[in-house]
Amino acid sequence: MKIFGIIKGVVVTGLFLAYPYLVYRGIESGMVWLAPTLFSGVYLFQAATAATVRARIYKALIAVALLLGTYYLQTVTAKVLPVLIQLMLMYFFGRTLLKGKGPSFIESFVRLEFPEFPPGISEYCRQLTIMWTVFFAFNAAVSVVLAIWGTDFWWTLYNGVAIYLLIGVLVVGEYVYRHFRFPDLGIPDPQSTIKTMIVNGRKIWLDVQAR
């Protein structure tokens with residue numbers, strides 16, 4: 001069952017990564033409705049399999065909104081989903097910074113690798129969570145600007161390429177920086193960290209939702 005959850009997560013993630021390209025190809029071929037309709041089905045499936053009533057309602061509302069938008073405002077609806085995703089990430093990262101909602105999102109993952117926290121790690125994780133919260137807010141703002149005033153090409157380039165390049169720069173930069181910030185800390189290699197995130201990502205995500 002756990003393997004199925006991981007496979008499902010990988011497939012859904014792959015679809016979301018390909019979403020800007022699917023929208024762009026849809027616009028070019030006159031089938032702009034295809035991508036949001038496909039993802040409406042994804043959200044309906046997630047609603048049917050969600051663990052809590054709140055999650056089911058939330059996913060179902062997104063699915064219905066996508067279907068209605070596909071019928072009435074096809075291009076706008078197609079381009080709004082990346083904005084919603086960035087805002088959702090901003091919300092889930094940011095809410096763990098509120099009083100009584102901790103630990104911070106990053107700390108939840110780091111504690112899996114360091115059951116006993118060395119001094120200063122908790123505050124550093126909080127700073128990283130703030131950084132990612134701001135990053136997602138920035139992405140949402142840029143996506144809105146490009147969706148309204150930009151061309152289809154530049155919207156696709158930013159949402160389908162630039163965002164992931166920026167994520168890569170932040171991840172690599174932080175990994176290098178932490179060696180200077182905590183020179184005596186036994187930092188796991190990137191492969192171990194990625195494995196921890198893949199195996200425990202869903203559990204952490206659900207834990208954050210329940211706070």
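The values are calculated or read from the model by the stated rules, or taken from the named source; none is laboratory data. Quick caveat, the model's predicted, so the values are computed rather than measured. Here the Cβ is made from the backbone with ideal geometry for all residues, glycine too, and neighbour counts use every protein chain on show.
I'd like to check something: does the range 128-137 contain any residue that is at pLDDT 90 or above, in contact with a Gly (Cβ under 6 Å, 6 or more places away or on another chain) and assigned to a helix (DSSP H, G or I)?
Yes, the range 128-137 has at least one match.
Within the range 49-71, does at least one residue satisfy the condition of being free of Cβ contacts under 8 Å to residues at least 12 places away in the same chain, more than 19 Å from the chain's Cα centre (by Cα), part of a loop (DSSP other than H, G, I, E, B) and surrounded by fewer than 18 Cβ atoms within 10 Å (Cβ to Cβ)?
No, there is no match, as no residue in the range 49-71 is free of Cβ contacts under 8 Å to residues at least 12 places away in the same chain, more than 19 Å from the chain's Cα centre (by Cα), part of a loop (DSSP other than H, G, I, E, B) and surrounded by fewer than 18 Cβ atoms within 10 Å (Cβ to Cβ).
Hey, can you tell me all the residues within the range 32-67 that are touching a Ser or Thr at 6+ places or on another chain (Cβ under 6 Å) and of a type outside the set (Gly, Ala, Ser)?
Answer for the range 32-67, where residues must be touching a Ser or Thr at 6+ places or on another chain (Cβ under 6 Å) and of a type outside the set (Gly, Ala, Ser): VAL32, TRP33, PRO36, THR37, LEU66, LEU67.
Take the conditions part of a helix (DSSP H, G or I), exposed (fewer than 13 other Cβ atoms within 10 Å of the Cβ), under 21 Å from the mean Cα position of the chain (by Cα) and among the aromatic types (Phe, Trp, Tyr) and apply them to TYR158. Does it pass?
Numbers: part of a helix (DSSP H, G or I): yes; exposed (fewer than 13 other Cβ atoms within 10 Å of the Cβ): no; under 21 Å from the mean Cα position of the chain (by Cα): yes; among the aromatic types (Phe, Trp, Tyr): yes.
Taking the combined requirement at face value, the residue does not satisfy it.
Can you pull out the residues in the range 72-100 that are within 19 Å of the chain's Cα centre (by Cα), over 23 Å from TYR175 (Cα atoms) and not β-branched (Val, Ile, Thr)?
Of everything in the range 72-100, those that are within 19 Å of the chain's Cα centre (by Cα), over 23 Å from TYR175 (Cα atoms) and not β-branched (Val, Ile, Thr) turn out to be ALA78, LYS79, LEU81, PRO82, LEU84, LEU87, MET88, TYR91, ARG95.
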